[in-house]
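The values are calculated or read from the model by the stated rules, or taken from the named source; none is laboratory data. Computed from a prediction, not measured in an experiment: that's the story for all the values here. For neighbour counting, all protein chains shown are included, and Cβ atoms are generated from backbone atoms with ideal geometry for every residue, glycine included.
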Amino acid sequence: MPSGKRSSRSDENEVETSRPLDPGIYEGLAGVRLAMRLFLSFSEAAVTEAGVTSQQYQALLVIKVAPGGQIMVRDLADQMLLQHHGAVQLVDRLATAGFAVRIPSAEDKRSVLIGLTPEGEELVERLARTHLKGMLANERLLVESLKRLRRLSRLS
């Protein structure tokens, strides 16, 4: 599970900087960006139709995959790359919409966990199914572009 923290690149992912890039690299990068833009456009339409924002959907996914289906606000903030107060506001909006609930922590009475309501569970399930189809629709372009980049980066 990604922590939201940036890690340093390994040597195998370093790209030679002394020679010009192969023109195919640009084609591969353009293909990856096109696949991402197509998916993000699809995603934006899907979440808008469902009555939530992309950020709210992402938060629902983060909560869904958290151990026990519950997450502390600070961990949600880390996963979402948000400041703590931004995560609190996001949770407020999810709770007001009936998709998330605050749960007092059994371990630390000062802490509050965030979980999904049955409505939140249903929404994230429905949107995840829709997003899976949308992502797979662009699989070929994305895979071909990434393979091209991997192959050409080894030649550079």
Might you check whether a residue that is surrounded by fewer than 16 Cβ atoms within 10 Å (Cβ to Cβ), within 17 Å of the chain's Cα centre (by Cα) and over 29 Å from residue 103 (Cα atoms) occurs anywhere in segment 19-27? no
Residues of segment 113-149 being of a type in the set (A, V, I, L, M, F, W, C), in contact (Cβ under 8 Å) with a residue 40 or more places away in the chain and either in a helix (DSSP H, G or I) or surrounded by fewer than 16 Cβ atoms within 10 Å (Cβ to Cβ) (or both), which ones? 123, 124, 127, 128, 135, 137, 141, 142, 146, 149
Go through segment 52-101 and report how many residues are assigned to a loop (DSSP other than H, G, I, E, B), surrounded by fewer than 17 Cβ atoms within 10 Å (Cβ to Cβ) and not aliphatic (A, V, I, L, M). 3
Tabulated pairs, segment 27-50, first closer than 13 Å to residue 131 by Cβ, second surrounded by fewer than 16 Cβ atoms within 10 Å (Cβ to Cβ) and among the β-branched types (Val, Ile, Thr), C-beta under 7 angstrom, 6+ apart or interchain: 47/53
Identify the single condition in (1) within 30 Å of residue 34 (Cα to Cα); (2) modelled with pLDDT of 95 or more; (3) not charged (D, E, K, R) that residue 137 does not satisfy, given that it satisfies every other one. (2)
